[in-house]
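In what follows, a structure is listed as C-alpha cells, so that the remarks can point back to it.
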Amino acid sequence: MPIVIPSLAALKDYEGTRLGVSEWITVDQERIDRFARATGDHQWIHCDVERARRESPWKQTIAHGYLTIALVPDLMDQLLRIDGWTAAINTGIDKLRLSAPVPAGSRVRLHGEIRSVRPLPRGGVRVTFGVRIEVEGNTKHACTARVNTVYLP
C-alpha cells in the first residue's frame, strides 16, 4: 500500500520519510531485449546469451544500467502517491552509482525515501528521492541514486 500525500503543500511534512520497499519484479531477457530495441544498445553483454555464457564474467547476460534506472518510476509508484499535481518532471539524477550487475532472470526491488523537499514559485515543489535497487540474493545494491522530480500544481 503506497503512502498517500494529500497535496504538494503537505510534501514538506514528509521530508526524511522512508517510503519502504517495493515488490520484487523479474528482469528477464525479454525485458532486456525490448530495452535494447528501444535504445539501440545491443551490446553483447546484454543481448547475446550464448556469447555471454562463454565470455562474460557473470556467465550470462546482464541488464543495461539505464534499464535498471528506468525501473525507478514504476517501482516508486508502489511506494508513494502524491495528490494535487498536474505534471511531474524528471530534472536529473545525482550521485548515481551502478555498483552491481542485474543478471537476466534476477529479481529486483526498490528502497525509497524522501530526502528533501523544496518549494518552488507558483506552487511547484522539487523533491529529491533517495533510491536503492536491490538484487535478490546480492548484498551489494545494483543502483543507488538521488532522483530529482519537480511537481507542478
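The residue that is nearest to the chain's Cα centre (by Cα), among those in the stretch 16-40 that are surrounded by fewer than 16 Cβ atoms within 10 Å (Cβ to Cβ) and more than 18 Å from Arg107 (Cα to Cα), is Arg18. Take the conditions (1) under 30 Å from Val49 (Cβ atoms); (2) without any contact (Cβ under 8 Å) to a residue 24 or more places away in the chain; (3) in contact with a Gly (Cβ under 8 Å, 6 or more places away or on another chain); (4) not basic (Lys, Arg); Gly130 misses just one of them, which is (1).
Candidates Thr128, Thr144, Thr139, Thr149: the one that is modelled with pLDDT under 95 and either touching a Lys or Arg at 6+ places or on another chain (Cβ under 6 Å) or not small (Gly, Ala, Ser) (or both) is Thr139. In the stretch 1-10, the qualifying residues are those that are part of a loop (DSSP other than H, G, I, E, B) and touching a residue at least 24 places away in the same chain (Cβ under 8 Å), and the one that is farthest from Trp85 (Cα to Cα) is Pro2.
Only one residue in Gly84, Gly130 is among the small types (Gly, Ala, Ser) and closer than 15 Å to Lys12 by Cβ, so which one is that? Don't jump to the end; show me each part of the working.
Values: Gly130 fails: closer than 15 Å to Lys12 by Cβ.
Gly84 is the lone residue from the list that is among the small types (Gly, Ala, Ser) and closer than 15 Å to Lys12 by Cβ.
So for the stretch 11-18 (the condition being of a type outside the set (S, T, N, Q), part of a helix (DSSP H, G or I) and farther than 19 Å from Gly130 by Cβ), does at least one residue qualify? Scanning the stretch 11-18 turns up no residue that is of a type outside the set (S, T, N, Q), part of a helix (DSSP H, G or I) and farther than 19 Å from Gly130 by Cβ.
The values are calculated or read from the model by the stated rules, or taken from the named source; none is laboratory data. On a predicted model such as this, the values are computed, not experimentally measured, just so you know. Here the Cβ is made from the backbone with ideal geometry for all residues, glycine too, and neighbour counts use every protein chain on show.
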